[in-house]
Structures are given as structure tokens and as C-alpha cells.
Amino acid sequence: MQDDIKELIRTAVLDEVDMSRDYSDEDINRLIRGHIIELCHDRKLSIEERRVIQRDVFNSMRKLDVLQDLLEDDEITEIMINGSNNIFLEKQGRIFKSDKRFSSDEKLYDVVQQIVAANNRVVNEMSPIVDCRLLDGSRVNIVIPPASVEGCIISIRRFPKAPITMDTLIALGSMSTEMADFLKVIVVSGYTLFVSGGTGSGKTTFLNALTEFIPADERVITIEDSAELMPIGIENLVRLEARDANLEGKLQISIRDLVRASLRMRPDRIIVGECRGSEALEVLQAANTGHDGSLSTGHANSCRDMISRLETMVLMGMELPIPAIRSQIASGIDLFVHLGRLVDKSRKVLEIAEVCGIKDGQVYLNTIFEFVQTGEADGRVEGEWVKRNDLKNTRKLAMAGFPV
């Protein structure tokens, strides 16, 4: 019933608007209120109902329609829109279906165009997939027909307004204090770290937390598909963002291009938000040419699996012998940190493993910390972090002045 009223008022306001005038938000709200008052002569509407109608009609005209309410809820971490009638949300690690929906497929398409236009991007039948971000920094992936069958698909990954620190991760039970202290010394000493994990395991959040330990006087360059990272406490910061090719297949700026360009910017550390393809070769080469302390992430099921994924990604850019690639990995990356999302939806650091060179033709890993699950209680996974071994490569610790 309310949906019909909202559409009635929206149509009435649009009919009254003079297209030659520039209306402020207050002007639009005044027009909406006027039509709500007129409607109240025939229908009884409570103050709360009037407020909801005014807000929703205003959002449909000046903002992102029903999506606006969801974006204003700080507890929502993921928004998944599968066509105009199906909206799913993630709160506190749990996914549920929202009772909100768009009035039509056309309205959803209008919202899609509004989002991409704000990013100076284009999405249409010729180019139906686009990655961009909202003004608040949320990451957006959009797929429209013919690539999607169920209409317009929008996936929005939201990030907290205040950066999550290592102390926050400890309080959330994502890692132990001992591991955080270890990682602090590792980052300060300039060890190169690679963070692995599955989708939604918290790689970007964890990478952001690691930047808290980077010395404030260092020059840091971040490279991402869509700028998400918010390095903590770094003044000399350069943020670079990739760009997709246009409709003619030109003007693309790839992660690989940006990694090459960053090497000419006198970086102390290079942070690549995520390695997905051939740029892995440039990341390894940068780590092997004096840019110690660099950080990156990638999708994998374990630290060992991440090595295989890196080999595959390097081969996407250049045909190299596998032994040569493994040598690059062993000499360029010092430690892997693997994150996981457990059955109770909690996110934890599952393993920290040191790269100790090549053994029997394989990259040899020395597991330092590992999460051991002991059981479940009240629907929560129980376990503890166990220290398996000590760090073997202590040269950078010694050079940074830490006791070995």
C-alpha cells in the first residue's frame, strides 16, 4: 500500500518540477511534504508513516533509492542486489534477505547508471561489467544483462568509517596478542608479507591494520583496482588506482602498469591491494629489487596454495620456467599470512608461515603460528593459536636493531 502512495507522490512531484530550474534538496523536500499533506485529507497517515514516505520519495529522486537507507546503516557490511526484488544483506557475518525492494527493474537500472556516472565509468550491453566505488569508499561490482540473467546485479562491500587496528582484531578474537606483537616487529623490520585467504576472509581489513606498523617517515605507494585501503598514520602516501579499458579497448591502466610506474616514484614500500593476474610478476620483481617491507594479498585456500596461485599468475604474464618463478617467490616474499572464515562466520588468522628458500624443488615453508580448532560451544568455534617454530631468517631483524 505504501509503495503505491510513494509512487503517487513521486509522480506528482515530478509533474510539478520545472526542468529549467535548479532545485535544492530542501526545495524537493518541501514539494514532497506539500503532496503528503494533500494526501492526508483523504487518507490517515501517522507521523512516522509520513516521515518514511518523505524519506523514501526523496531518496528515489535525489539519491540511490532504497539503497540509500542500507548505506546509512553502519552495521551492514555487504549489500547484494539480485534484481529489483531480491536484496540480501550481511550483518555481523550473517546473511539474510531484506524486505526492501526497488519499484521496478527500470528504477534499479537508473541507480546503476547513477553509481557508474559518479565514477566516470560506463556500463551497457557492450560493456556489462564494471568495478567502481561509492563516495564513502565502499567497493561496488555491477553486472547487467546480457551478462546477468536475473537483471541488474550489484555487490557492495562496505568498510568501517574508522580504520580497524590490530587491537580491534585482537578484541574480535581474530588473532592473539603474541601474533600481533610478532607481526609488528616483522613489518617494522621490513619483511615482505603476502596475505592470502578466501572471499570475505578479511584480507583488505587485515592489510590495512598492518599499515599501522609501518614507520611514519617512509614513503608508501598503494596500488589497487578500486581504492579501498586507508593506511594508518602515513603522511608520505601515494594512492594509485587502475582503470578499465574504454569501449574501444583503449586507455586501460592496469595494476601491472601502476606497479611499473611506482618503481620510479622512489617508494620505500609498495602495497598492492590484490594480485589477480600477470601483475604478480611485477610485484615479485619489485620485492626482489630493494623494496623490502612491501605488502600484497591474493585469493587462496592456504599458504601453500598461495604459492601455486602465484606461479599460475606469473605464467599469465610471461612464459618462465617454474623453477625460476619459485626462486623469485622464495627470494622476494618473506612470510605468508593466511586468513580464513570459519563455520561460525568468524574471521581468524589461521597460519603465519615463513619462506625458507627452495627444498627439493619446492618453496619451503616454516610454519610459525597456526590456529588449532578444539571444538564448538554455543555455535562458536573454539580453538587456540599455537606457536610451532621460531623465525629462521633473522637478518632483517638484526639490521632493524631488534634482538635476534
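The values are calculated or read from the model by the stated rules, or taken from the named source; none is laboratory data. On a predicted model such as this, the values are computed, not experimentally measured, just so you know. Using ideal geometry, Cβ is built from the backbone for each residue, glycine included, and neighbour counts are taken over all protein chains shown. With ligands, DNA and RNA removed, areas are computed over all heavy atoms of the protein, side chains included. Shrake-Rupley method; radii C 1.70, N 1.55, O 1.52, S 1.80 Å.
Here N366 meets each of (1) at pLDDT below 90; (2) more than 28 Å from the chain's Cα centre (by Cα); (3) open to solvent by less than 40 Å² (accessible area, probe 1.4 Å) with one exception, condition (1).
Using the structure shown, decide if D390 is open to solvent by 20 Å² or more (accessible area, probe 1.4 Å) and part of a loop (DSSP other than H, G, I, E, B). Show your work before the answer.
Working: open to solvent by 20 Å² or more (accessible area, probe 1.4 Å): yes; part of a loop (DSSP other than H, G, I, E, B): yes.
Yes; evaluated as a whole, the condition is true for this residue.
Do we find that K396 is without any contact (Cβ under 8 Å) to a residue 60 or more places away in the chain, out of contact with any His (no Cβ under 7 Å at 6 or more places or on another chain) and not in a strand (DSSP E or B) in this structure?
Working: without any contact (Cβ under 8 Å) to a residue 60 or more places away in the chain: no; out of contact with any His (no Cβ under 7 Å at 6 or more places or on another chain): yes; not in a strand (DSSP E or B): yes.
When the stated conditions are applied, K396 does not pass them.
Checking the structure you have, find out if any residue of region 85-96 is surrounded by fewer than 17 Cβ atoms within 10 Å (Cβ to Cβ) and of a type in the set (D, E, K, R). Yes, region 85-96 contains a residue that is surrounded by fewer than 17 Cβ atoms within 10 Å (Cβ to Cβ) and of a type in the set (D, E, K, R).
When L169, L89 are checked against the criterion of being at pLDDT 90 or above and closer than 30 Å to V185 by Cα, a single residue qualifies: L169. In the set (1) open to solvent by 20 Å² or more (accessible area, probe 1.4 Å); (2) over 20 Å from the mean Cα position of the chain (by Cα); (3) in contact (Cβ under 8 Å) with a residue 40 or more places away in the chain, E274 fails one condition alone, (2).
Considered as a group, the residues in region 108-146 that are of a type in the set (S, T, Y) and within 20 Å of D69 (Cα to Cα) include one that is modelled with the highest pLDDT, and that residue is Y109. Residue pairs whose Cβ atoms lie under 9 Å apart, separated by 6 or more positions or on different chains, with the first residue in region 370-381 and closer than 15 Å to S176 by Cβ and without any contact (Cβ under 8 Å) to a residue 40 or more places away in the chain and the second in a strand (DSSP E or B) and of a type in the set (F, W, Y), are E370/W385; F371/W385; V372/W385.
Only residues that are part of a helix (DSSP H, G or I) and open to solvent by less than 10 Å² (accessible area, probe 1.4 Å) were counted in region 186-205, giving 2. Within region 313-355, can you find the residues that are modelled with pLDDT of 90 or more, assigned to a loop (DSSP other than H, G, I, E, B) and surrounded by fewer than 17 Cβ atoms within 10 Å (Cβ to Cβ)? Scanning region 313-355 gives a single hit, P321. Note on region 102-134: residues that are in contact with a helix residue (DSSP H, G or I) (Cβ under 7 Å, 6 or more places away or on another chain) and open to solvent by 50 Å² or more (accessible area, probe 1.4 Å) amount to 2. Looking only at region 231-261, residues that are open to solvent by 70 Å² or more (accessible area, probe 1.4 Å), modelled with pLDDT under 90 and either among the small types (G, A, S) or outside any helix (DSSP H, G or I) (or both) come to 7 in all. Of the set (1) in contact with a helix residue (DSSP H, G or I) (Cβ under 9 Å, 6 or more places away or on another chain); (2) touching a residue at least 40 places away in the same chain (Cβ under 8 Å); (3) acidic (D, E), all apply to E178 but (1). All conditions in (1) open to solvent by 70 Å² or more (accessible area, probe 1.4 Å); (2) aromatic (F, W, Y); (3) over 27 Å from T312 (Cβ atoms) hold for W385, with the sole exception of (1).
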